[in-house]
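First comes the structure, then the notes that go with it.
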Amino acid sequence: MSSWNSPERARRPLIGITGRRVSAEGRLDIEPRYRSREFDMHYSDFAMRLAERGAVPVQLPYEAIGPDLVDRLDGLVVSGGQDVHPVTLDIDGPPTDPGSDPRRDRHEIELITCAIERGTPLLGVCRGLQILNVALGGTLVPDLLAGEIDHRSPGREVADETHDVRFLTGSVMSGIYGERTRVNSLHHQAVDRLGSGLTVTGRAPDGVVEAVELGGAPVVGVQWHPEWRTHDPIFSWLVRAASTPKEEHDGTA
């Protein structure tokens with residue numbers, strides 16, 4: 001039996017996963033005395049997918065922040081969830097999603113900024129792609145209209161694959177998926193003006209941005225939910241990138 005400090009264990013990359021903080025009132029079926037409290041929530045699928053590929057997943061509360069935190073991580077997943085808050089987008093008016101939380105926006109923007117500065121591999125998923133774009137100065141389409149594709153996929157299961165994504169030749173995405181893949185779709189916001197340094201490397205048939213990459217860095221964002229697809233290879237890419245010394249990164253991993 002291997003010991004806790006064995007080389008085998010030491011080689012497993014530590015990958016942080018962001019989540020959300022919610023009030024129990026009206027959301028969780030718990031004892032009344034706990035309903036005034038807030039709870040940190042994380043989809044377990046991310047931790048399972050990363051562990052299956054040899055990583056050590058760790059879920060990050062809002063207080064897990066700053067360079068000292070990021071320096072201890074080998075990789076970062078910025079997960080999906082509620083809309084980016086209008087305050088974060090410099091938009092007047094109330095949020096269309098009552099779960100929008102500017103605290104989460106600030107938390108993830110700081111983590112993204114620190115991760116990019118330190119060359120830490122990063123995967124943004126759905127909302128995570130969007131907040132990556134915002135962190136780099138980009139903007140969002142606040143509410144996509146249903147047209148050729150209804151990206152919300154109403155009435156569909158979370159794993160149902162509803163449309164294709166075509167990838168830019170020579171991109172990290174094309175190296176992972178090939179020319180195209182079929183994805184699930186569960187969003188109504190999307191990238192509008194692109195953030196500094198980002199390149200669009202995947203689009204849906206209606207032109208909606210589905211994948212972005214940061215040039216020369218191990219940083220990608222996808223608009224679908226790989227954690228709910230069967231054996232999505234993006235997690236193998238992230239674990240390989242997180243296992244590579246940072247000075248060797250060129251974004252391809």
Exercise. For VAL219, list long-range residues whose amide hydrogen, built 1.01 Å from N in the peptide plane, is under 5 Å from its own amide hydrogen.
Key: LEU122, LEU214
Practice problem: Order these peptides, 77-87, 107-117, 124-134, 159-169, by their mean beta-carbon neighbour count within 10 angstrom, highest first. | Solution: 124-134, 77-87, 107-117, 159-169
Quiz prompt | Computed over the chain: relative contact order in percent, which uses C-alpha pairs under 8 Å that are six or more apart | solution = 19
Quiz item: Quick one: Cα centre-to-centre distance for region 18-66 and region 78-143, in angstrom?
Solution: 18
Self-check item: Hull volume in cubic angstrom per residue (convex hull over the Cα atoms of region 136-188)
Solution: 116
Exercise. State the answer as a single residue: which of ALA217, CYS126, SER44 lies farthest towards the positive end of the charge dipole of the chain, with beta carbon charges of +1 for Lys and Arg and -1 for Asp and Glu, about the Cα centre.
Key: SER44
Practice problem: Work out, step by step, the length gained on full extension between MET41 and ARG118: first 0.36 nm times the residue separation, then minus their alpha carbon distance; give nm to one decimal. | Solution: 25.0 nm
Quiz item: Using a ≥ b ≥ c from the Cα gyration tensor of region 71-144 (square roots of the eigenvalues), is it rounded, prolate or oblate, where a/c under 1.5 gives rounded and otherwise the larger of a/b and b/c decides, a/b for prolate?
Solution: prolate
Quiz item: Under the classification rounded if a/c is under 1.5, otherwise prolate if a/b is larger than b/c and oblate if not, where does region 184-243 fall, given a ≥ b ≥ c as square roots of the Cα gyration tensor eigenvalues?
Solution: oblate
Self-check item: Whole-angstrom Cα spans of region 122-217 along principal axes, big to small
Solution: 39, 29, 21
Practice problem: Based on a Kirkwood Rh over C-alpha pairs, give the Stokes-Einstein translational diffusion coefficient of the chain at 4 °C and viscosity 1.567 mPa s in µm²/s. | Solution: 69
Exercise. Search the structure for amide H atoms under 5 Å from the amide H of THR162, placed 1.01 Å from N in the peptide plane, and list their residues when 5 or more places away or on another chain.
Key: VAL183, ASN184, SER185
Practice problem: Determine, for each peptide in 214-220, 142-148, the mean count of other beta carbons within 10 angstrom over its residues, then list the peptides with the highest first. | Solution: 214-220, 142-148
Exercise. Please report the Cα spread of region 1-148 along all three principal axes, rounded to whole Å, starting with the longest.
Key: 57, 43, 36
Quiz item: Along the Cα-to-Cβ line of ASP160, 7 Å from the Cα, sits a label point; which residues in region 84-117 have backbone N less than 19 Å from it?
Solution: none
Practice problem: Express in Å², to the nearest 10, the accessible area of PHE39 obtained by rolling a 1.4 Å probe over the protein heavy atoms while all chains stay in place. | Solution: 70
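The values are calculated or read from the model by the stated rules, or taken from the named source; none is laboratory data. Since this is a predicted model, take the numbers as computed values, not measurements. All Cβ positions, even for glycine, are placed from backbone atoms using ideal geometry, and neighbour counts span all protein chains on display. Just so you know, the surface numbers come from the protein's heavy atoms only, side chains and all, with ligands and any DNA or RNA stripped out. Shrake-Rupley method; radii C 1.70, N 1.55, O 1.52, S 1.80 Å.
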